[in-house]
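Accompanying notes for the structure given below.
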Amino acid sequence: MHACRICGNVSGNQDYLAREMMFGLRTEFAYFQCAQCQCLQIREFPSDMARFYPANYYSMEAPLAESRGGFRAAWRRWDARYRLQACNCGRTKRQEIFAWFRNAGAGLDAKILDVGCGRGALLHELWLDGFRNLTGVDPFIARDLEYANGIRIHKREMSALAGGFDLIMMHHSFEHMPDPKAVMSAAGKLLNPGGTVLIRIPVIPSEAWKEYGVDWFQLDAPRHFFIHSRKSIGLLAEGAGFRVDKVVFDSKAAQFWASEQYRRDIPHRSAQSYAENPKGSAFSPAQIRAYAARARAANRAEAGDAACFYLKRGPGAAA
């Protein structure tokens with residue numbers, strides 16, 4: 001029996017077999033869930049992961065924001081300053097983004113590192129909002145990138161960077177990394193005193209995992225090496241000298257409709273998928289709205305399939 005890579009447990013772990021379904025390869029991969037810390041993890045790391053990150057993988061093909069200058073650019077910068085200071089309730093993506101920075105205590109002058117950023121779509125959006133100290137790192141991009149606006153994205157592992165960041169962000173990238181303990185340690189070395197590590201990841205247990213099992217969209221075999229629980233993140237954080245300061249559940253409707261598609265043997269990137277062809281999919285607008293409402297309810301009950309963890313230096317953990 002495989003030992004859990006997070007807590008070392010070898011007793012009572014449960015085996016699963018999951019298919020690659022984002023691109024419909026349907027290759028099977030063995031996973032197991034630790035009976036102690038609940039972390040779900042791949043048994044063996046594939047020897048060639050590059051083929052599972054093709055050019056049309058979403059972070060590689062995401063459109064980059066462009067500045068048109070003038071009134072619109074000035075309004076964005078004013079709006080960003082307001083949102084960083086004021087209450088920003090709601091459901092839009094922009095509201096969610098600025099909640100990250102308020103919760104992390106990071107302002108426009110913060111030195112920010114985005115880990116696993118692809119070509120840097122989020123960093124470009126932040127630049128338009130007035131953030132200027134922006135760096136990205138992603139080992140799967142084709143080459144180092146340096147944009148005219150000053151954003152640099154390095155093709156390397158985070159551990160190869162120099163330190164001095166106020167906010168280190170991992171937006172759905174931490175689960176792709178084969179050595180989470182080393183990643184936590186590297187983040188600790190790169191973080192400035194008083195800084196924050198923000199980790200957004202799929203989490204377990206959740207309503208979607210309980211309902212769909214290995215057809216759960218966020219399992220995403222084999223790209224997701226680890227699906228963490230609050231307990232496993234707490235153990236990793238503690239081991240690197242962090243505490244979990246805050247947890248915000250932020251799952252979306254796709255946990256239900258995309259999982260339902262996998263159950264029906266419909267890949268995520270196919271002509272039948274709601275992600276690619278909403279009008280040609282199996283779901284009506286009313287069904288999608290119902291899934292979105294269900295996701296919001298699951299988040300309120302802390303049973304959504306994704307969460308944002310804010311890590312700070314020091315002992316203790318969020319309840």
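The values are calculated or read from the model by the stated rules, or taken from the named source; none is laboratory data. For clarity, every value in this text was computed on a predicted model and none was experimentally measured. Cβ sites come from the backbone with ideal geometry, for glycine too, and all protein chains shown count toward neighbours.
List of remarks:
- As for region 295-308, it holds at least one residue that is touching a Pro at 6+ places or on another chain (Cβ under 9 Å), touching a residue at least 40 places away in the same chain (Cβ under 8 Å) and more than 28 Å from ALA186 (Cβ to Cβ).
- Failed criterion for ILE227 (all others in (1) surrounded by fewer than 23 Cβ atoms within 10 Å (Cβ to Cβ); (2) under 17 Å from the mean Cα position of the chain (by Cα); (3) over 23 Å from ILE97 (Cβ atoms) hold): (1)
One line per residue, one yes/no per condition, for (1) at positive phi; (2) out of contact with any helix residue (DSSP H, G or I) (no Cβ under 8 Å at 6 or more places or on another chain); (3) acidic (Asp, Glu); (4) modelled with pLDDT under 95:
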position	(1), (2), (3), (4)
ALA237	no, no, no, no
ARG243	no, no, no, no
ALA254	no, no, no, no
ARG289	no, yes, no, no
PHE309	no, no, no, no
ALA318	no, yes, no, yes
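- Qualifying residue in region 259-268 (condition: more than 24 Å from the chain's Cα centre (by Cα) and closer than 12 Å to MET22 by Cα): yes
- Residue check, TYR274 at pLDDT 95 or above, of a type outside the set (Asp, Glu) and in a loop (DSSP other than H, G, I, E, B): yes
- Candidate set: region 198-233, residues that are of a type in the set (A, V, I, L, M, F, W, C) and part of a loop (DSSP other than H, G, I, E, B); chosen: the one farthest from CYS308 (Cα to Cα): ALA221
- Taking the criterion of being in contact with a Ser or Thr (Cβ under 9 Å, 6 or more places away or on another chain) and among the aromatic types (Phe, Trp, Tyr), the only residue of region 265-284 that qualifies is TYR274.
- For first residues located in region 268-283 and at negative phi and in contact (Cβ under 8 Å) with a residue 60 or more places away in the chain, partners that are among the small types (Gly, Ala, Ser) and assigned to a loop (DSSP other than H, G, I, E, B) and lie 6+ apart or on another chain with Cβ distances below 9 Å form the pairs HIS268/GLY24; HIS268/ALA275; ARG269/GLY24; ARG269/ALA275; SER270/GLY24.
- In the set (1) closer than 30 Å to THR27 by Cβ; (2) touching a residue at least 40 places away in the same chain (Cβ under 8 Å), GLU238 fails one condition alone, (1).
- Residues of region 162-180 satisfying the condition of being among the charged types (D, E, K, R) and more than 12 Å from HIS228 (Cβ to Cβ): ASP166, ASP179
- Entirely in region 121-197, the strands (runs of 3 or more DSSP E) that have 1 or more residues that are among the hydroxyl-bearing types (Ser, Thr, Tyr) and either within 19 Å of LEU108 (Cα to Cα) or touching a residue at least 12 places away in the same chain (Cβ under 8 Å) (or both): 134-137
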